[in-house]
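Colleague: Below is one structure. I have some questions about it.
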Amino acid sequence: MSTYNTIRSSRFCSRSISRHYTHESLRCSSSTAGSSPRTLLSQLFLPTAKEVHEGTSKHTGQSHRLMIRAGLIRQSSSGIFSFLPFGLRSLRKVEKIIDEEMESIGAQKLSLPILLNANSWRQTGRWETVGSELFRLKDRKQSEFCLAPTHEEEITLLVAEEISSYRQLPLRLYQIGEYNHAYGQGRKYRDEMRPRSGLLRGREFMMKDLYTFDKTEEASMNTYEEVVDAYKRIFSRIGLPYVVAEADTGNIGGTTSHEFHFQSEAGEDVVFSCSNCGYMANEERAYGIKAGDLCTRCSADIPITSSRAIEVGHTFLLGTKYSSVLKAEFTPEDPVTPGERRPMQMGCYGLGLSRIVAAIVETSHDEHGIVWPFSVAPYRVCIVPGLKDVKVSDTVERLYDMLNDKKELKGEIVIDDRMGFSLGHRLKDAELVGYSWIIVLGKNFLEGGKIEVQDRKTRQKNYIEIDSVGDYVVNEYS
Ligand SMILES: [Zn+2]
């Protein structure tokens, strides 16, 4: 029986009954009462590839090539990508962490349109100042629109319309790419001159953007601090080292701005830092400073060092730049003159969702493939049956169910049942895709009875009694 037929046959019967891996083939058999369906790799859409022959060069980094090889994304056209199921799972995990941390500071989720009328952009002057990176288009009546690269105008007009009193403030609203909508709100567009490095600099990208509205400047500064803290928690939970640098406000405007970066040789940004006082700034902000200069902040005899980085988040304290122009005003509690209206103090805060996923791959891989942090791996465990054997297949199923009972691993396990491929081929694939744990049941298991558990990060193999595998795998990451 060919691999193709095997996969077809297991697909046919997977709908109505539980998926069941057996040693003979990948056929389905009726499930035992109460066992949940198991996730079999033969039934998933994971088009891994040996090599990618695309215009990727050394200085654009490895993430693009790795994400294509590991079957996470495919390019549709220059700078525009499809997320495949495994890539989308990681993206969703990043999104969930962001949602939880946004909720923890009282931010509410909404969804703004992608296609925006030019009028509000004209009011703020950005229709002219943003330039050719803005995707512009006309409808059949010749009205001008743009594909949103950001939503300051849209949200400010919305809030101006609906909020009128100090009693309704503060307000924190955010949005994220929503895949269950036909046109994915939360996606953003930028007509890059030279799209490159895959998702690191694409023309369509996914953002989390938060907008805050406060009564006073002081309150908006407190909000700013709270959001920066929430961002720190988000990156800590993702589990990779990050830095926060002072930044320029650019065409967004405002007074205070910070950037969040993953440090990476493949990054397009440069950050300057002082190891003594912790001062850290991006290139534009630290204009005139170069590596080797002495720090002017702390005046210590410490030279400034520079490193390359990938920007993954950006925070702006906007003041009243948008609220004044677009009349997002409220009646204050303490009016100085009768009928006084004050502009709201605003902040805007972005996280590059699709870029975070690419930046994770860029900063966390080795020559064998991706090394996902446990928090955002597409699946956390891959069980690989090494050979066709009744004892092996029974144990694979028992192990799957035992692991799936752990809350950290529920729905996070796949069985690589593609027995048409050699064990070596499947193990290479497992390292490429980057499951946190790769569990092999082969000759060693049949001879010694213990389970081979490999840590993807260290590539260390340990041989563990079946009853202890679950605790071992979870404890290593708690
Ligand atoms: Zn210093």
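The values are calculated or read from the model by the stated rules, or taken from the named source; none is laboratory data. Just so it is clear, the structure is predicted and the values come from calculations on it, not from any experiment. We place every Cβ from the backbone using ideal geometry, glycine too, and count neighbours over all the protein chains shown. Ligands, DNA and RNA are excluded from the accessible area calculation, which covers all protein heavy atoms including side chains. Shrake-Rupley method; radii C 1.70, N 1.55, O 1.52, S 1.80 Å.
Colleague: Looking at G254, G267 in this structure, which one is of a type outside the set (K, R), at pLDDT below 95 and on the phi < 0 side of the Ramachandran plot? Give the derivation first.
Modeller: Working: G254 fails: on the phi < 0 side of the Ramachandran plot.
Every option except G267 fails the conditions.
Colleague: Take the residues of segment 296-311 that are open to solvent by 70 Å² or more (accessible area, probe 1.4 Å) and in contact with a Ser or Thr (Cβ under 7 Å, 6 or more places away or on another chain): which is farthest from the ligand (Cβ to nearest atom)? Talk me through it step by step, then tell me what you get.
Modeller: Our first condition is that a residue be open to solvent by 70 Å² or more (accessible area, probe 1.4 Å); within segment 296-311, this holds for 296-297, 299, 301, 305, 308.
Checking the rest, the ones that are also in contact with a Ser or Thr (Cβ under 7 Å, 6 or more places away or on another chain) come to 305, 308.
Working: T305: 11, R308: 20 Å.
Of everything passing the filter in segment 296-311, R308 is farthest from the ligand (Cβ to nearest atom).
Colleague: Here's another thing I want to ask about it. Output the residue which, of all residues in segment 336-387 that are of a type in the set (S, T, N, Q) and under 17 Å from I68 (Cα atoms), is modelled with the lowest pLDDT.
Modeller: Step one: filter segment 336-387 for residues of a type in the set (S, T, N, Q), giving 337, 345, 354, 363-364, 375.
Those still in the list that are under 17 Å from I68 (Cα atoms) too: 354, 363-364.
On the way: S354: 89, T363: 93, S364: 95.
My answer is S354.
Colleague: Output the qualifying pairs, or none if there are none: Cβ atoms under 6 angstrom, residues six or more apart or on different chains, first residue in segment 265-292 and in contact (Cβ under 8 Å) with a residue 60 or more places away in the chain and farther than 28 Å from P195 by Cβ, second residue more than 10 Å from the ligand (Cβ to nearest atom) and open to solvent by 50 Å² or more (accessible area, probe 1.4 Å).
Modeller: The qualifying pairs do not exist here.
Colleague: State all residues of segment 414-442 that are open to solvent by 30 Å² or more (accessible area, probe 1.4 Å) and closer than 18 Å to V469 by Cβ; if no residue qualifies, say none.
Modeller: Of everything in segment 414-442, just one residue is open to solvent by 30 Å² or more (accessible area, probe 1.4 Å) and closer than 18 Å to V469 by Cβ, namely L427.
Colleague: Moving on to the next point. Suppose the filter is at pLDDT below 85, within 16 Å of the ligand (Cβ to nearest atom) and more than 30 Å from R341 (Cα to Cα); does G202 pass it? Show your work before the answer.
Modeller: Numbers: at pLDDT below 85: yes; within 16 Å of the ligand (Cβ to nearest atom): no; more than 30 Å from R341 (Cα to Cα): yes.
Answer is no for this residue.
Colleague: Another question, then. If I filter segment 287-339 down to residues being of a type in the set (S, T, N, Q) and in a loop (DSSP other than H, G, I, E, B), which single residue comes out as nearest to S120 (Cα to Cα)? It would help to see each step written out before you state the result.
Modeller: At the first step, the residues of segment 287-339 found to be of a type in the set (S, T, N, Q) are 296, 299, 305-307, 315, 320, 323-324, 331, 337.
Pick out the ones that are also in a loop (DSSP other than H, G, I, E, B) and you get 296, 299, 320, 337.
On the way: T296: 42, S299: 46, T320: 16, T337: 29 Å.
For segment 287-339, the residue satisfying everything is T320.
Colleague: Only one of (1) modelled with pLDDT under 90; (2) touching a strand residue (DSSP E or B) at 6+ places or on another chain (Cβ under 8 Å) fails for A182. Which number is that?
Modeller: For A182, the failing item is (2).
Colleague: Report yes if F213 is among the aromatic types (F, W, Y) and at pLDDT below 95, otherwise no. Let's see the steps before the verdict.
Modeller: Working: among the aromatic types (F, W, Y): yes; at pLDDT below 95: no.
Answer is no for this residue.
Colleague: Something else about it: Working only within segment 351-375, note down all residues that are touching a Ser or Thr at 6+ places or on another chain (Cβ under 8 Å), buried (at least 24 other Cβ atoms within 10 Å of the Cβ) and not in a helix (DSSP H, G or I).
Modeller: Within segment 351-375, I370, W372 meet the criteria.
Colleague: If I ask for residues that are under 23 Å from H314 (Cβ atoms), among the hydroxyl-bearing types (S, T, Y) and either near the ligand (Cβ under 8 Å from one of its atoms) or open to solvent by 50 Å² or more (accessible area, probe 1.4 Å) (or both), which ones from segment 270-295 would you list?
Modeller: Y279, Y287
Colleague: Here is a follow-up. With the structure loaded, tell me whether T337 is of a type in the set (S, T, Y), closer than 29 Å to Q168 by Cβ and more than 32 Å from the chain's Cα centre (by Cα) or whether it fails that test.
Modeller: Numbers: of a type in the set (S, T, Y): yes; closer than 29 Å to Q168 by Cβ: yes; more than 32 Å from the chain's Cα centre (by Cα): yes.
Criteria met by T337.
Colleague: Then there is this: Can you pull out every residue in segment 330-389 that is out of contact with any helix residue (DSSP H, G or I) (no Cβ under 6 Å at 6 or more places or on another chain) and acidic (D, E)?
Modeller: Selection gives D334, E340, D366, E367, D389.
Here's the yes/no breakdown for (1) on the phi > 0 side of the Ramachandran plot; (2) in the same structural domain as I105 (by TED's automatic domain parsing); (3) not acidic (D, E):
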site	(1), (2), (3)
T216	no, yes, yes
E246	no, yes, no
T249	no, yes, yes
S275	no, yes, yes
M280	no, yes, yes
E283	no, yes, no
G292	yes, yes, yes
A300	no, yes, yes
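Colleague: Related question: Given (1) open to solvent by 50 Å² or more (accessible area, probe 1.4 Å); (2) at pLDDT 75 or above, identify the lone condition not met by M193.
Modeller: Here M193 clears every test but (2).
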